[in-house]
Amino acid sequence: MNTIKKTTTRVKFDGMTFLHSTKCVDGNHEPKEYLYLNGVKYYKVKSQINIDAIPDSLDLELTIELPTAAEIKAIEKNKRVVVAVDGSLKKEIKEAIRYDSKYPGRKTKASFLNLKTGNYVSYVRAVQLKLV
């Protein structure tokens, strides 16, 4: 069984545009400046070349915007991030201790948030992980 893999023609990264290796012809790309994305090589487009003049085999223009290193660090710093329906990122806030409704205020029956995994653990496991 053969699999058809659909890749994008152009990738924009940090203000630069990279072109799929199959769309590169003499004079429209920088041969020594390239980017690997999902195992596909994209070459940097020369600044004086009109990108719209390069023919595209797809009717729909596919462009991927890669986050910069600073944006990735900002996302990783928040640890708990949820993607909304519109594609925006929202910070998820979890309470550190979740008390049982039958035993309010009792630590041995509560669940504790493990910050490394984001899951709740029992009191005994929380003591082992030094969360209490």
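The values are calculated or read from the model by the stated rules, or taken from the named source; none is laboratory data. Since the model is a prediction, treat every value here as computed from it, not as a measurement. Using ideal geometry, Cβ is built from the backbone for each residue, glycine included, and neighbour counts are taken over all protein chains shown.
Working only within segment 91-132, note down all residues that are aromatic (Phe, Trp, Tyr), within 29 Å of Ala74 (Cβ to Cβ) and touching a helix residue (DSSP H, G or I) at 6+ places or on another chain (Cβ under 7 Å). Reasoning before the result, please.
Keep residues of segment 91-132 that are aromatic (Phe, Trp, Tyr), which gives 99, 103, 112, 120, 123.
Now restrict to residues that are within 29 Å of Ala74 (Cβ to Cβ): 112, 120.
If the condition is that a residue be aromatic (Phe, Trp, Tyr), within 29 Å of Ala74 (Cβ to Cβ) and touching a helix residue (DSSP H, G or I) at 6+ places or on another chain (Cβ under 7 Å), then Phe112 is the only one that fits.
Restricting the search to segment 30-66, which residues are assigned to a strand (DSSP E or B), more than 30 Å from Gly118 (Cα to Cα) and modelled with pLDDT under 75?
Listed by number, the list holds a single entry, Thr63.
Select from segment 67-90 the residues that are within 15 Å of the chain's Cα centre (by Cα), at pLDDT 70 or above and exposed (fewer than 10 other Cβ atoms within 10 Å of the Cβ) and list them in ascending order.
Ala69, Ala70, Ser88
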